[in-house]
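One structure below.
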Amino acid sequence: MKKIIALLSVICFISCQEKEIITTFSCKINGTDAKEIELEGINFSKKIPLQANGTFSDTLDLPYDGMYYLILTDEKSFYVYLEKGFQLQLETNTDDFINSMKYSGLGQDENKYLIEKNKLIESKYGDQSNFENVMKIYSDEEQAFLENIENLKKSIFDKLATSNIKNEKFIKNEKKEIEILALKYQEQYAPYHGYAINNREFKTSPTFPKAGDDYNMNDEETFKHSYSYRTLIGGIFQRIMYDTPSENKTPFDKGMEKLNTISSPLIRSELIKNMVYEMNLSAKNMDVIYKGLMKHSIDTAFNKETTLKYETLKKLVKGSPSPTFDYENINGGKTSLESLKGKFVYIDVWATWCGPCIGEIPALKAVEKEYHGKNIEFVSISVDDKKDVEKWKKMVAEKELKGIQLFADNDWKSDFVKNYAIDGIPRFILIDTEGKIVNADAPRPSDAKLKDLLKEVGL
């Protein structure tokens, strides 16, 4: 008995002597009036209050070692590499958020390299938060593009080799990231180059290197380290869902089949987010889709949002009272749904930055012209950011948009948008003369089924 007690005492002593691994991150942001900054990762989000002088210091309980995003604003964000046990300090300025970053403390070498890597890419192609600069990568013809990507890859490898990093795990994972970054660019070349040359049917040559549908999508360590890997396998997953021919199988069916081949719960949970758009009013098996999403997701925030969307969609049945709006009219004042009672209302939810939305404009104009003078109002509601209200007014004028032009009061967070569970645009809705839903996901103007629907209601 004494021996057992003595052994337990030794175990307790050893356990008590183990040091708790503490991760700290402190920062000073010069020139900001922001109240908080956000650190975002996989199934992880933490809002950290900023002091009046733009500083914070926090102890982090990290769910994994790897890449996170540090977000001050949408325009001022950058990835940061964190490991359990890091004591990392950062100082930067708001006017040049990324390039003015100066790191110190444990973890500085890895993060200094990430800044230099970003500078290297931008020295060739410019600020990658600018879409026009992104397109520069893909504007070259096939052979020149491949040579440029190979040279870029070599330059990043050289940058890594000349860094002061002693962290073998980081180096191993970063070498994989560089190869994957090049492969990601190659995967995106066909659609982006097609956009650049205004040929949406563009196809690469048979020998063009790219990842196959059998690419390894089960590497959890790389998934935590590499944003390129996350983007790459997300793109492959969507291709399997939407571009792979399969008789009698929906995109949801094909996605679920692929998920069942992936053993990592974390990766499955992230990939399932590509399938949330399949849960819509046109889906015949919405309950099955919802249960499938919940089965694979381990992200509590996503589960909460998806459940809210599911419950909202279930309410948007034909004959139910429509959610309402009362928004700024481009001609002055406000226009509400209530003020349009007595007429059918065909609503277009759109934004100036949305290519498919703009693509529907000619067809929408044609439908408006054909039904002019009939008992129907055409209402377009912009979900542009508040700062882009002048951009909205300019586009309405330049494209000579007709109908009732409204500007939502809180972009995607506007009540009307949330109450219709709108998470993709353009979105079209038909409401009857009493303010009740005819179709909460109505056909687009370019779809011949719209005229069938309007004929069905007597127009």
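The values are calculated or read from the model by the stated rules, or taken from the named source; none is laboratory data. What you are looking at is a predicted structure, and each value in this text was computed from that prediction instead of being measured. Cβ atoms come from the backbone with ideal geometry, glycine included; neighbour counts cover every protein chain shown. Just the protein is used for accessible areas: all its heavy atoms, side chains included, with ligands, DNA and RNA removed. Shrake-Rupley method; radii C 1.70, N 1.55, O 1.52, S 1.80 Å.
Some notes on this structure:
- Cα-based Rg / Dmax (Å) for the stretch 121-168: 13.2, 39
- The stretch 315-459, relative contact order [Cα under 8 Å, separation at least 6], %: 35 percent
- Sorted on the mean count of surrounding Cβ atoms within 10 Å across their residues, most packed first, peptides 194-207, 133-146 read 133-146, 194-207.
- For the stretch 37-194, the relative contact order is 14 percent, taking Cα pairs closer than 8 Å that sit 6 or more residues apart in sequence and dividing their mean separation by the residue count.
- Rounded, prolate or oblate (a/c below 1.5 giving rounded, otherwise prolate when a/b exceeds b/c) for the stretch 239-320 by Cα gyration tensor: oblate
- Alpha carbon centroid spacing (whole Å) that separates the stretch 201-274 from the stretch 35-101: 29 Å
- Cα centroid separation - the stretch 275-306 against the stretch 124-141, whole Å: 35 Å
- Over the stretch 53-194, accessible surface divided per residue gives 47 Å², non-protein components excluded, 1.4 Å probe.
- Percentage relative contact order, the chain, counting C-alpha pairs under 8 Å, at least six apart: 9 percent
- Counting only residues at least eight positions apart within a chain, or on another chain, the lysines with an alpha carbon under 17 Å from that of Lys136 are Lys119, Lys124, Lys153, Lys184.
- Three-way shape call for the stretch 150-264 based on the alpha-carbon gyration tensor, with the a/c threshold at 1.5: oblate
- In this view, the solvent-accessible surface of Met67, computed with a 1.4 Å probe and all protein chains in place, comes to about 10 Å².
- Calculated P(r) of the stretch 173-328 - Cα pairs past 23 Å, %: 49 percent
- Value of Rg to Rh for the stretch 23-92 (Rh from inverse mean 1/r over Cα pairs, i.e. Kirkwood): 0.93
- Counted over the chain, the DSSP beta bridges are approximately 70% antiparallel.
- Percent of alpha-carbon pairs separated by more than 19 Å within the stretch 388-441: 42 percent
- Restricting the calculation to Cα atoms, the chain yields a radius of gyration followed by a Dmax of 26.2, 98 Å.
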